[in-house]
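What follows is a single structure, written as C-alpha cells, with notes after it.
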Amino acid sequence: MTELASLRLGLPLRVGDLELKGRGVIVGLVDYGVDCLHPSIVQSVLAVFDEDANTVWQRDRDLLPLDSLPAALISDTKGHGTHIAASLVGRGEVRGVAPEASLVVAKAGTDDRIVAAVEAIFELADQLGMPAVVNLSLGGQHSDGHDGTDSVSRELDELAGAGRVICAAA
C-alpha cells in the first residue's frame, strides 16, 4: 500500500503496524510430523492429534507434560512440519507471523485423515470458542486433480466458513 493510500484510508502503511500477533486464534497444522518440543514452538502448542484425529494431548487438560508423548507423535523426521510451525507461530529467535496464536498439531498423510484432522481442529476451536486457521502444505502426493473439484477439496470447502479458514499450498 502506498503512503498516500494509507493516509486516505486511515490504514497502517505496514502490516507490522497493526500489532496482529494471533492472540485468541487457533492455528492448526496438518502435516506428517512436527517437532512439538522445538524451542521456537513448544510454548505455542495447545493440542496434539494422532493420525486418527484423536486428541492425545491438550494443554491445561492433561497432567502429563508434552514430552511424555510417544516420539512418533511429536517428532519430525523431515523437518518440513517444524519449519511450517515456526513460520506460523514461532517465538524467540525464529518468529512466526502469529507468535501469540495457539498451535494445534495433527499428524495426517492420507486424504481421509487430512479431512478428519481439519474437522477435529475446527471442533476443538468451537469447543474453546476460538476462530481457527488450518494450514495444509502437504505437497503433491495426493491423487486428486489439485483444481478444487475432487472429493477432498469439496469436503474441506464444506468445513470452512465464518471463523474457519483453510490455507493450502499449491
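Long-range amide H contacts for N135: which residues qualify at under 5 Å (H placed 1.01 Å from N, peptide plane, sequence gap of 5 or more or a different chain)?
Those qualifying (amide H under 5 Å, at least 5 residues apart or on another chain) are G28, L29, V30, C167.
Between rounded, prolate and oblate, where does segment 64-170 land on the alpha carbon gyration tensor, with a ≥ b ≥ c its root eigenvalues, rounded for a/c under 1.5, else prolate if a/b exceeds b/c?
Prolate.
Give me, ordered by chain and number, the residues 5 or more places off R164 or on other chains with an amide H under 5 Å from its own placed amide H.
Result for R164 returns A132.
Can you send over the carbon and sulfur percentage of the accessible area for segment 53-170, probe radius 1.4 Å, protein chains only?
53
Write down the percent of antiparallel bridges among all DSSP beta bridges whose residues are both part of segment 27-170, to the nearest 5.
Taking every DSSP beta bridge within segment 27-170, about 20 percent pair in antiparallel fashion.
Given the Cα-Cα distance of S137 and D112 and 0.36 nm per residue of separation, how much length would full extension add, in nm?
7.4 nm
Over segment 75-170, give the accessible area per residue in Å² for a 1.4 Å probe, as an integer.
52
What number comes out for the charge environment of E100, summing +1 per Lys or Arg and -1 per Asp or Glu over other residues with Cβ under 13 Å away?
Charge balance in the 13 Å sphere: +3.
From Cα pairs below 8 angstrom and at least 6 apart in sequence, can you work out the relative contact order of segment 20-170, rounded to a whole percent?
33
The values are calculated or read from the model by the stated rules, or taken from the named source; none is laboratory data. The structure presented is a predicted model; accordingly, all values stated were derived computationally and were not measured. Positions of Cβ are backbone-derived with ideal geometry, glycine not excepted, and every protein chain shown enters the neighbour counts. Note: areas computed on protein heavy atoms with side chains; ligands, DNA, RNA excluded. Shrake-Rupley method; radii C 1.70, N 1.55, O 1.52, S 1.80 Å.
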